[in-house]
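The block underneath contains the structure these notes are about, expressed in structure tokens.
The values are calculated or read from the model by the stated rules, or taken from the named source; none is laboratory data. Note that the structure is predicted; figures quoted are calculated from it, not measured. Ideal geometry is used to build each Cβ from the backbone, glycine not excepted, and the neighbour counts take in all protein chains shown. Accessible surface areas use protein heavy atoms only, side chains included; no ligands, DNA or RNA. Shrake-Rupley method; radii C 1.70, N 1.55, O 1.52, S 1.80 Å.
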Amino acid sequence: RALTSDEVPQVVEDYRRAERVAGVAVVAMRGDRVVIAQGFGTFGSDDATPMTPDVVQPLYSVSKHMTAAL
């Protein structure tokens, strides 16, 4: 079943804490409408900058996977 926009924050926080990820930005869309755009945690483990959907994040090697998926 698909998550509702009200369920997403708890699922993301649970995952972030379980995996010890400092911060996560989530943007989900349905068609051309933004359903949720929210940051969780901080930019880095040694940085107190709150994570937001607008924080520029380095992609490193993740872009290879995105390109392959396309």
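Just to confirm, what accessible area per residue do you get for the chain at 1.4 Å probe, in whole Å²? List each step's numbers first, then the result.
Values: 5590 Å² over 70 residues.
With all protein chains present, the chain gives 80 Å² per residue.
Round to the nearest 0.05 the FRET efficiency obtained for GLU13 and LEU70 when R0 = 25 Å and r is the Cβ-Cβ distance. The value I calculate is 0.25. Rolling a 1.4 Å probe over the protein heavy atoms leaves GLU13 with an accessible area of roughly 30 Å².
For the chain, modelled as a GNM with alpha-carbon contacts under 10 angstrom, which of ALA22, ALA37, ALA48 fluctuates the most? Looking only at ALA22, ALA37, ALA48, the biggest GNM fluctuation is shown by ALA48.
Shown are ARG20, ARG30, whose ranking by accessible area with a 1.4 Å probe and every protein chain present, most to least, is ARG20, ARG30.
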